Amino acid sequence: MENFSEVLSIFLSVDNFIAIAAGVLIGVVVGAIPGLTATMAVALALPFTFSMEPVTAILLLVGIYKGGMYGGSITAILIRTPGSPASACTLLDGYPLAQQGHAKKALKAALYSSCVADVISNVALIFFAAYLAKIALNFGPPEYFWLICFSLTIIISISGDSIVKGLIAAGLGIIVSNIGLDAVYGSQRLTFDNYNLMDRISFVPLLIGLFAIPEIIEFYTSKVVPHVRSAVSGASLTLAECKRSLKSVIRGSLIGVIIGAIPGTGATAAAFISYSEAKRNSPNKHNFGKGEVEGVAAAEAGNNGVAGATLIPLLSLGIPGDVITAIILGAFMIHGLTPGPVLFQENLSLVYALFCGILLSSVVLLVVGNAAIRYFSLIADIPKAILLPIVLMFCVYGAYAVNNSTFDIGLMMVFGLLGFVFNRTGIAAAPFLIGFILGPMFEDNLRRTLLISKGDPLVFFRGPIAWFFIALTVASLLFAVRRYWKSRKVPATA
Amino acid sequence: MNRLIVKLTSVMTLAAAVTFPIPSVAASEWPADTVKLIVPYSPGGTTDIVSRKVADLLKEELGNVVVENRPGAGSTVATGQLARGGRDADHTILMASPGHAIGAAIYPGLRYDPVEDFRFIRNVISIPNVMVVPASSAYNSLAEFVEAARNGEVTFSSPGVGSSVHMSGELFKTMTGANMIHVPFRGSGEALPALLAGDVDVAFENMPTVLPHIKSGKLKALAVTTTKRSPFLPDVPTVAEAGSDFGLAGYKTSAWFGLITHKSMPDDAVLKLRTSVADVMAGESFKSFLPQLGAEPGEEDGEVFRTFVAEEVVKWDGVAQQANVKK
């Protein structure tokens, strides 16, 4: 019990509580502003943590991370501008809900599922870290390859009405993702000798362009002004809706945990996989994409499930899974601590104090998120003629701010036009995004696998994890074919 | 608690300062304005962490110093902008790293000369790379490794084409004539698990990335890439030392981080910067920061630093051509 009191003595300090609250608050606000990402906020906060106690420092950074993960969904739902890449999936159902006057419902669904996913993710971190870390280490390039193959099958379920159009969008996304230097040889692809294109297209301008700009163009080109009901007076989340979404939230959280524990895949993929699984299993699958609460909940569960789990490889192996955890690793090292097995041997009390703080951060997220909803949902009441110019200003700022590059503003406009064309031709933008994200991962891991095996293709089938994802991929494809067949046999009557 | 509030306020002030630089009153002595430290990479990387610490310490000497991240095309976008000069050029400094020299070797059509277009203040921090193999590896020494790699084929990982980790491996390959296949990842976070799991045979990773894993016994350090042994791994020989029989006698690479400015920077400003950086480097705060990164203070100052960078440019250009990394 001596350890227990030591843990409490490290954890129970006013500084820690302030750090968590401030971190989550900063995260939510920054996450909600397009172009200001949680990554930037964590990097900016890092130098100020140098003089703090180690636990306080890490909790501040973790708080920003978690707040940012949720904050991104607020603007995605309200103005179709995802504050962070991971919340792009949330807008698929969140924005239609807001347009129907249910912004509050969507925001609450996002918040509650984020918090549930956060708790599940934290519990996984605390109790199963060692086990999940072992899986992560067995995840080599061939296993990644199959995971990406499986992830690509979700294009089928997010394509909207036409799979062909979905595949066209995904193909275009893959082509755009090829712009830049080749990952193995460094040769130029589609860069036209422009140095701005050599580091690939940046994500944020693409995201803002694809989703936010078309809305603005639509508003000024269409003659009918859509009538939007007041969001604040709109109905809140009902118990029935919560119950209906619970299964998807738990499934999404678990997907988030697995994806989060594996370095390098990321919250965006987790959100889309969770969404697509929810859609496939839901009795309301036809309502997905048109404003389904369960869709919002599933997407947010997926991306927040990642947040706690990315700390698994960081704490147990010392491997950062993404940029934010890389900065957090930096914070550990600045304080003379080395994440990994040694940390658990030498600083166990500190690790458990950290866990206490991380658990608390989920509760803080609920409180801060609820307050944020109250104020942010007012945005939905602003007349579009006033709101959209402001949104456009944020879009331009956001596209610029990520790399401090004016070229990115031009890129955003180009993708805005593309998004507008997609809207008018009935092509869904989400498969484009999936192609853009997963295309390079698919290629990288295919080539890496063949490089490590020196060209021997048998390495693709080297172990149970590979077989597991092969099975999932095949099952997912068969399921899609069967559904297609069924829909052909029974002519649509509804 | 108050301390924390002060710190949080300063986070926000810094954020505001980055967005809206406040013009300060003109003074006779340089700097007359806020000094901008450009980081040519995204937030969160080693260059970023190092730069923010240095900027923080430089504030005592130079007044307000703000950090601005301007990533793109290796580090060549930000470096090109610095070379072009412009309005704030006399108050802008940039944290150059091996990417400054490697970028010049592998990115085509650069509109600047990596040596002639800049003034060189000082190399601030030097971090060795370490040649590491997984704990399960059959190789226990550099000699065993080279023998095997000459007779067969081995793979080496890196966080990306053109990184100092990649180029250190390519340099090793050209000097020894070993059959080494490069397996690029995206960032050390992805590259490290593949190394720990034994999916790749060797890597020439940055010291801070692999040091914890060497200490916990998951990786074996065969050699360090600098000319002197590292105080953090005193028992590990240098590549040049262990590989003198294999043509590695002149082998030398490191991740270095040094400050450069536009070539028009006036002499008094350069002098002020050099003395300020020297003061910072003599301080306790800087010295206690170094071990956390497995780093050592940079030695090259002024013209010596310029010569050092010029040599780096020539070296990496040669390696890039031999390794067929495209220009």
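Throughout, read-outs are computed from the coordinates displayed, never taken from laboratory work. Predicted model only: the values in this text are computed from it and were never measured. When we count neighbours, we look across all protein chains shown, and the Cβ atoms used for this are built from the backbone with ideal geometry, even at glycine.
Less than 16 Å from a label point 7 Å out along the Cα-to-Cβ axis of B:A197: which backbone N atoms in the range B:107-134 qualify, by residue?
Once the point is set 7 Å along Cα→Cβ of B:A197, B:134 turn out to lie under 16 Å by backbone N, inside the range B:107-134.
In whole percent, what relative contact order does chain B give with Cα contacts below 8 Å and a gap of six or more residues?
25 percent
Lys/Arg Cβ at +1, Asp/Glu Cβ at -1, dipole of chain B taken about the Cα centre: which of B:A178, B:A83, B:S276 is farthest positive-ward?
B:A83
Hey, rough spin-label estimate for B:R229 and B:E311, points 7 angstrom out along Cα→Cβ, what's it come to in nanometres?
Going by the 7 Å Cα→Cβ label model, 2.2 nm.
Points 7 angstrom from Cα along the Cβ direction at B:E60 and A:L8: gap in nanometres?
The modelled label-to-label distance comes out at 4.0 nm.
Order these by the 10 Å Cβ neighbour count, fewest first: A:Y65, A:Y70. Present the calculation step by step, with values, prior to reporting the outcome.
On the way: A:Y65 27, A:Y70 36.
Arranged by neighbour count, lowest to highest, A:Y65, A:Y70 become A:Y65, A:Y70.
For the residues A:F415, A:F461, B:F246, A:F128, what sequence is obtained by ranking on other C-beta atoms within 10 Å, fewest first?
Least crowded to most crowded, the residues run A:F461, A:F128, B:F246, A:F415.
Pull out the extension gain between A:Q100 and A:S236, defined as 0.36 nm times the separation in residues minus the alpha carbon to alpha carbon distance; nm, one decimal.
47.7 nm
Can you pull the mean other chain C-beta count within 10 Å for peptide A:137-146?
3
If you look at just the Cα atoms of the range A:290-395, how large are its Rg and its Dmax in Å?
Gyration radius and largest Cα-Cα distance of the range A:290-395: 19.3, 60 Å.
Among B:A242, B:P212, B:L192, whose Cα lies farthest out toward the positive end of the dipole of the range B:129-246, if unit charges sit on the beta carbon of Lys, Arg (+1) and Asp, Glu (-1)?
Going by the charge dipole, the pick is B:P212.
For the pair A:K384 and B:S288, what calculated FRET efficiency results from E = 1/(1 + (r/R0)^6), where r is the Cβ-Cβ distance and R0 = 51 Å, to the nearest 0.05?
Once rounded, the FRET efficiency stands at 0.40.
For the range B:151-216, what log10 I(q)/I(0) values come out of the Debye formula at q = 0.11, 0.16, 0.25 1/Å, with one point per alpha carbon and no solvent?
-0.23, -0.48, -1.10
So if R0 is 60 Å, what FRET efficiency would A:R424 and B:E153 give, r being the distance between their Cβ atoms, rounded to the nearest 0.05? The partial results should precede the final answer.
On the way: r = 53 Å, r/R0 = 0.89.
Taking R0 as 60 Å, the efficiency between A:R424 and B:E153 is 0.65.
Taking only DSSP H segments of four or more residues, each worth -39500 (n - 2.57), what value at 222 nm results for chain B once the sum is divided by all its residues, to the nearest 500 deg cm²/dmol?
Per the formula, -13500 deg cm²/dmol.
For the pairs A:K108/A:K279; B:K173/B:K315; A:K105/A:K279; B:K215/B:K252; A:K285/A:K489, flag any whose C-alpha to C-alpha distance is greater than 22 Å. Intermediate values should be presented prior to the final figure.
Values: A:K108/A:K279 20 Å; B:K173/B:K315 14 Å; A:K105/A:K279 19 Å; B:K215/B:K252 24 Å; A:K285/A:K489 19 Å.
The answer is B:K215/B:K252.
Quick one: pull the percentage of alpha-carbon pairs in the range B:129-246 with a separation above 25 Å.
I get 11 percent for the Cα pairs in the range B:129-246 exceeding 25 Å.
Along the positive direction of the dipole of the range A:59-178 (beta-carbon charges: Lys, Arg +1; Asp, Glu -1; about the Cα centre), which of A:L172, A:L107, A:L137 reaches farthest?
About the Cα centre, the residue reaching furthest to the positive side is A:L107.
Please compute the Cα-Cα pair-distance distribution of the protein assembly as shown with 20 Å bins starting at 0, giving whole percents from short to long.
16, 50, 31, 3, 0
Using Cβ contacts closer than 10 Å as the measure, can you line up A:E241, B:E147, B:E116, A:E292 from fewest to most?
Final ranking by Cβ density, sparse to dense: B:E116, B:E147, A:E241, A:E292.
Tell me the relative contact order for chain A as a rounded percent, counting alpha carbon contacts under 8 Å between residues six or more apart. Please report the intermediate quantities before stating the final value.
Details: 909 pairs, mean separation 135.6, N = 494.
27 percent.
Could you give the radius of gyration (one decimal) and Dmax (whole number) of the Cα atoms in the range A:346-429, in Å?
20.5, 60
Give the peptides A:51-63, B:297-309 in descending order of average Cβ contacts within 10 Å, highest first.
Going from most to least packed, we get A:51-63, B:297-309.
Could you work out, residue by residue across A:21-28, how many beta carbons of other chains sit within 10 Å of that residue's beta carbon, and then give the average as an integer?
The shielding value for this peptide is 1.
As an exercise, take the mean of 1/r over every pair of distinct alpha carbons in the range A:2-489, invert it, and state the Kirkwood radius in angstroms.
One decimal place: 22.8 Å for the Kirkwood radius.
Can you tell me the orientation of helix B:46-62 relative to chain B, as the angle in degrees between its alpha-carbon axis and the longest Cα principal axis, to the nearest 10?
Value to nearest ten degrees: 30.
Quick one: work out the % antiparallel among DSSP beta bridges in the protein assembly as shown, nearest 5.
On the way: 27 of 43 bridges.
Taking every DSSP beta bridge within the protein assembly as shown, about 65 percent pair in antiparallel fashion.
Peptide A:171-184: average number of partner chain Cβ atoms within 10 Å per residue?
Partner Cβ neighbours, averaged per residue: 2.
Cα atoms only, chain B: Rg and Dmax in Å?
Just the Cα atoms of chain B yield Rg and Dmax of 20.5, 67 Å.
Per DSSP H run of n ≥ 4, the term is -39500 (n - 2.57); total these for chain A, divide by its residue number, and report the mean residue ellipticity at 222 nm rounded to 500 deg cm²/dmol.
Estimated from H runs of four or more residues: -24500 deg cm²/dmol.
Looking at chain B, what % of its DSSP beta bridges pair antiparallel, to the nearest 5?
Of the beta bridges lying entirely in chain B, close to 60 percent run antiparallel.
Take peptides A:336-347, A:274-285 and line them up by average Cβ neighbours within 10 Å, highest first, as a rough protection proxy.
A:274-285, A:336-347
In debye to the nearest 20, how big a dipole does the protein assembly as shown give about its Cα centre with +1 on each Lys and Arg Cβ and -1 on each Asp and Glu Cβ?
3300 debye
Quick check on the range B:129-246: of the DSSP beta bridges with both residues there, what percent are antiparallel, nearest 5%? If you can, show how the numbers build up before the last one.
Working: 9 of 17 bridges.
Here the antiparallel bridges make up roughly 55 percent for the range B:129-246.
So, in nm, how far is label B:V304 from label A:E346 when the simple model puts each one 7 Å beyond its Cα toward the Cβ?
3.3 nm
Could you order peptides A:17-23, B:98-104 by the average number of other Cβ atoms within 10 Å of their residues, highest first?
Listed from highest to lowest mean packing, they are B:98-104, A:17-23.
What's the whole-number percent of alpha carbon pairs in the range A:269-337 lying beyond 21 angstrom?
Details: 997 of 2346 pairs.
So the portion of pairs separated by more than 21 Å is 42 percent.
Which FRET efficiency value, to the nearest 0.05, do you get for A:S162 and A:K489 by plugging their Cβ-Cβ distance into 1/(1 + (r/R0)^6) with R0 = 22 Å?
0.75
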